[in-house]
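Novice: Can you keep this structure in mind? I'll have questions shortly.
The values are calculated or read from the model by the stated rules, or taken from the named source; none is laboratory data. Here the structure is a predicted model, which means the values were calculated and not measured. Using ideal geometry, Cβ is built from the backbone for each residue, glycine included, and neighbour counts are taken over all protein chains shown.
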Amino acid sequence: MPLIVDTHCHLEQSEFEQDREAVINRASEKGVHMICSGVGREGWDLCIKLAKEHESVSASIGLDPVCFREQAELLAFLEKHSDDMLAVGEVGLDHYRVRDHKERELQAQTFRRAIHFAIENGLPIQIHSRSAGRRALDVLKDMNAEHVHMHAFDGKASLARVASRENGYYFSIPTSVVRSAQKRKLVKAVDIERILVETDSPVLGPDRESRNEPMNVWVALREVASILKREEEEMRDILLENTLRLYPGIRTK
Ligand SMILES: [Zn+2]
């Protein structure tokens, strides 16, 4: 059983090409389980391969919302590999990088298809919602999605409070919480039973300029504990319990 879970990272990305095994081992030695989120065709197979090779890695399969046109490829891959994944995602909406109204409509359609697949297969779903927090939450509620994991949420803290309390949605706090006032606010707003931690490696590190890695999920935990004025040990127990409630598949891996 892991001590802590990095609920969202991208081990399959090229930033880890040179030393991927070392990165995974460093984290595993510190008791970290990693949910590797593959967000593009190039990374899906590698993500599943890493999960098969490492007890401390699970796979989640999704699509960068900017690549919404690859809907058919995503759905075909999900269908084919549904037994090999712990979750669907990240999928979602990105209104920061997609501005055109028609394109946003297509993006939302791909998002809905992915949610539908997750619901049908009883899988948790990891959500990207950059500059579209409210919209993404509306779509999820509208579809009665359960087992929802909002990753690196950049929307209003008040929205997160309601979604965590009334809808039971989970919110993962990234390592960048050490340098982000918005993320600190998020920690205080989300129901404590719904908080998770993540690194989003290779990005969102404690230091903006350096490559992030899953072992740093401990940094996120320490910061969350300090913000909520809890002992680190107690906070760790709460986060692990939350994570295993949303991702029971980690227990049986
Ligand atoms: Zn991500």
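Novice: Has segment 195-204 got at least one residue that is crowded, with 16+ Cβ neighbours inside 10 Å and more than 15 Å from the chain's Cα centre (by Cα)? Before you say what the answer is, go through the steps one by one.
Specialist: At the first step, the residues of segment 195-204 found to be crowded, with 16+ Cβ neighbours inside 10 Å are 195-204.
Then drop every residue that is not more than 15 Å from the chain's Cα centre (by Cα), which leaves none.
The answer is no, given that none of the residues of segment 195-204 is crowded, with 16+ Cβ neighbours inside 10 Å and more than 15 Å from the chain's Cα centre (by Cα).
Novice: Right, another one. With respect to V187, determine if the residue is at pLDDT 95 or above and assigned to a helix (DSSP H, G or I).
Specialist: yes
Novice: Restricting attention to segment 152-179, which residues are surrounded by fewer than 18 Cβ atoms within 10 Å (Cβ to Cβ), in contact with a strand residue (DSSP E or B) (Cβ under 8 Å, 6 or more places away or on another chain) and either under 25 Å from H10 (Cα atoms) or among the β-branched types (V, I, T) (or both)?
Specialist: Once the filter is applied, which keeps residues that are surrounded by fewer than 18 Cβ atoms within 10 Å (Cβ to Cβ), in contact with a strand residue (DSSP E or B) (Cβ under 8 Å, 6 or more places away or on another chain) and either under 25 Å from H10 (Cα atoms) or among the β-branched types (V, I, T) (or both), segment 152-179 yields only D154.
Novice: Scan segment 58-74 for residues that are under 19 Å from the mean Cα position of the chain (by Cα) and not aromatic (F, W, Y) and report the count.
Specialist: Residues flagged as under 19 Å from the mean Cα position of the chain (by Cα) and not aromatic (F, W, Y) within segment 58-74 amount to 11.
Novice: Could we say that Q107 is over 18 Å from S226 (Cα atoms) and either over 18 Å from the mean Cα position of the chain (by Cα) or not hydrophobic (A, V, I, L, M, F, W, C) (or both) here?
Specialist: On the way: over 18 Å from S226 (Cα atoms): yes; either over 18 Å from the mean Cα position of the chain (by Cα) or not hydrophobic (A, V, I, L, M, F, W, C) (or both): yes.
For Q107, the condition - over 18 Å from S226 (Cα atoms) and either over 18 Å from the mean Cα position of the chain (by Cα) or not hydrophobic (A, V, I, L, M, F, W, C) (or both) - is met.
Novice: Anything in segment 119-136 that is crowded, with 24+ Cβ neighbours inside 10 Å and aliphatic (A, V, I, L, M)? List them, or say none.
Specialist: Of everything in segment 119-136, those that are crowded, with 24+ Cβ neighbours inside 10 Å and aliphatic (A, V, I, L, M) turn out to be I125, I127, A132, A136.
Novice: Would you check which residues across segment 188-207 are within 16 Å of the ligand (Cβ to nearest atom) and of a type in the set (D, E, K, R) and list them?
Specialist: Once the filter is applied, which keeps residues that are within 16 Å of the ligand (Cβ to nearest atom) and of a type in the set (D, E, K, R), segment 188-207 yields E198, D200.
Novice: On the basis of being charged (D, E, K, R), touching a strand residue (DSSP E or B) at 6+ places or on another chain (Cβ under 7 Å) and farther than 20 Å from I173 by Cβ, does E12 make the cut?
Specialist: Answer is yes for this residue.
Novice: Working only within segment 1-52, note down all residues that are in a loop (DSSP other than H, G, I, E, B) and under 29 Å from E232 (Cβ atoms).
Specialist: M1, P2, L3, H10, L11, D19, K30, G31
Novice: Name the single residue, out of those in segment 87-104 being out of contact with any helix residue (DSSP H, G or I) (no Cβ under 6 Å at 6 or more places or on another chain) and surrounded by fewer than 16 Cβ atoms within 10 Å (Cβ to Cβ), that is nearest to F77 (Cα to Cα).
Specialist: Once the filter is applied, the top-ranked residue is E103.
Novice: Looking at this structure, is E55 modelled with pLDDT of 95 or more, over 14 Å from the mean Cα position of the chain (by Cα), exposed (fewer than 15 other Cβ atoms within 10 Å of the Cβ) and not in a helix (DSSP H, G or I)?
Specialist: yes
Novice: Which members of segment 203-236 meet the condition of being among the aliphatic types (A, V, I, L, M) and outside any loop (DSSP other than H, G, I, E, B)?
Specialist: Within segment 203-236, the subset among the aliphatic types (A, V, I, L, M) is 203-204, 215, 217, 219-221, 224-225, 227-228, 235.
Passing the criteria: M215, V217, V219, A220, L221, V224, A225, I227, M235.
Novice: What number goes with the only condition from (1) over 28 Å from R222 (Cα atoms); (2) away from the ligand (no atom under 16 Å from the Cβ); (3) in contact (Cβ under 8 Å) with a residue 40 or more places away in the chain that D45 does not pass?
Specialist: Only one criterion is unmet by D45, namely (3).
Novice: Out of all the residues in segment 147-162, which are of a type in the set (V, I, T) and within 25 Å of L86 (Cβ to Cβ)? Write out each step before concluding.
Specialist: The first filter runs over segment 147-162 and keeps only residues of a type in the set (V, I, T), leaving 148, 162.
V148, the sole residue that qualifies.
Novice: May I ask you to verify whether S28 is small (G, A, S) and in contact with a helix residue (DSSP H, G or I) (Cβ under 8 Å, 6 or more places away or on another chain)?
Specialist: Against the criterion (small (G, A, S) and in contact with a helix residue (DSSP H, G or I) (Cβ under 8 Å, 6 or more places away or on another chain)), S28 does not qualify.
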